[in-house]
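Working notes for the structure below.
We did not get these values from a lab; they are worked out from the coordinates using the rules stated. What you see is a predicted model, and the numbers here were worked out from it, not measured in a lab. All Cβ positions, glycine included, derive from the backbone under ideal geometry; neighbour counts span all protein chains shown.
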Amino acid sequence: MRISLALPREALSIPVVRRVVGDSLRGLGVADDCVADILVAASEACTNVIQHARATGDYEVTGHVDEDGCSLTVTDWGRGPRPAPRDPGVLSESGRGIRIMRALVDDLSIDSSPDRGTVVHLQKRLTWQDEAPVGSLERRLMHSAG
């Protein structure tokens, strides 16, 4: 399954991302705790676009789901990274979203460059509910293959 959303860079777009991605994953039979992790990580990535992209216009969320995992990409076309604060401290809000994303997904990468924007890649191995349609399809294909 593939998902592709072009969204305005405003806070009201985040619930749309959560709804589309969450409903899609639940519809496939992904376990609830796995869906929750992906949605929090995606929300953090989208929030970073809205707060830090330093650009107007849209941003994009794309995703790919197969039996092994979910890969989401959040892309903006802003002016790239800002210089990091010298010592943000443990209680600083800056950088917390990245730590949250890193804790919830199996792989996080961030590609950012001046005048090309930022691309956040989130990847997570999926766990499935017992009655997941993907598992049922896989069993039927295995049976028919002999």
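Points to keep in mind about this one:
- Single residue of region 5-29 satisfying the filter (of a type outside the set (Asp, Glu) and not in a helix (DSSP H, G or I)) that is nearest to Leu72 (Cα to Cα): Leu5
- Search result, residues across region 10-28 that are buried (at least 19 other Cβ atoms within 10 Å of the Cβ) and more than 15 Å from the chain's Cα centre (by Cα): Leu28
- Flag for Asp76 being of a type in the set (Asp, Glu) and within 10 Å of the chain's Cα centre (by Cα): no
- Remark: pairs (first residue in region 1-22, of a type in the set (S, T, N, Q); second residue assigned to a helix (DSSP H, G or I); Cβ separation under 7 Å; 6+ apart in sequence or on different chains) = Ser13/Cys46.
- If you go through region 33-69 and keep only what is surrounded by 21 or more Cβ atoms within 10 Å (Cβ to Cβ), assigned to a helix (DSSP H, G or I) and of a type in the set (Gly, Ala, Ser), you end up with Ala41, Ala42, Ala45.
- In region 101-130, residue farthest from the chain's Cα centre (by Cα) [restricted to those that are in a strand (DSSP E or B) and β-branched (Val, Ile, Thr)]: Thr118
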